[in-house]
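Every number here is computed from the coordinates shown, using simple stated rules; none is lab data. Small disclaimer: the values here were computed from a predicted structure and weren't measured. Neighbour counts run over all protein chains shown; Cβ positions are idealised from the backbone, glycine included.
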Amino acid sequence: MLDVGFFEIVIVALACLLIVGPERLPVVFKTLGILAGRAQNYVSKVKSDVENELNFSEYEATKDELKNFGKKYGEELISLENEIHDLSSSIESSSESLSEGKIIRFHINSPKLSWREENFQLKIRERVRARIRLRCPKKSFGP
């Protein structure tokens, strides 16, 4: 910034000595020192205020981003819940109309379902999984 060497400082000091005089020179240097200290203090305060404002604006941006994230995925969850409710009600209505066919039990304690009911539930699970995959794609970590 300022490339001031010892020789330049000596020249400025001699000029001040000639202009101000030897009696007032210590008072002038003391006043300049106090003003320089105040300037440094003011600059440091402004710097800290700017940093605080930047941190606050980053905090506000993050807060807004989280609110938008919550709204977006809250609506998605509500639509998924509605869809699951609709599908479960259609399962209940279709289970009444389905006739008992071949009984399938995938697990030891699974309920007895006909082949059609089990197939219908599998299709519903696949549909829900496909919708979740579309709404929440996995991030790839490779180039």
Quiz item: Over the stretch 1-75, what number does the Rg to Rh ratio reach, with both radii from the alpha-carbon atoms and Rh per Kirkwood?
Solution: 1.47
Quiz item: For Gln121 and Leu77 in one chain, what is 0.36 nm times their gap in residues minus the Cα-Cα distance, to one decimal in nm?
Solution: 13.8 nm
Self-check item: Calculated FRET value between Glu58 and Cys16, using beta carbons and R₀ = 41 Å, to 0.05
Solution: 0.30
Quiz item: Order of Phe120, Phe6, Phe69 from fewest to most other C-beta atoms within 10 Å?
Solution: Phe6, Phe69, Phe120
Quiz item: Taking 0.36 nm per intervening residue step and subtracting the Cα-Cα distance, what contour gain separates Asp3 from Arg131 on full extension?
Solution: 39.5 nm
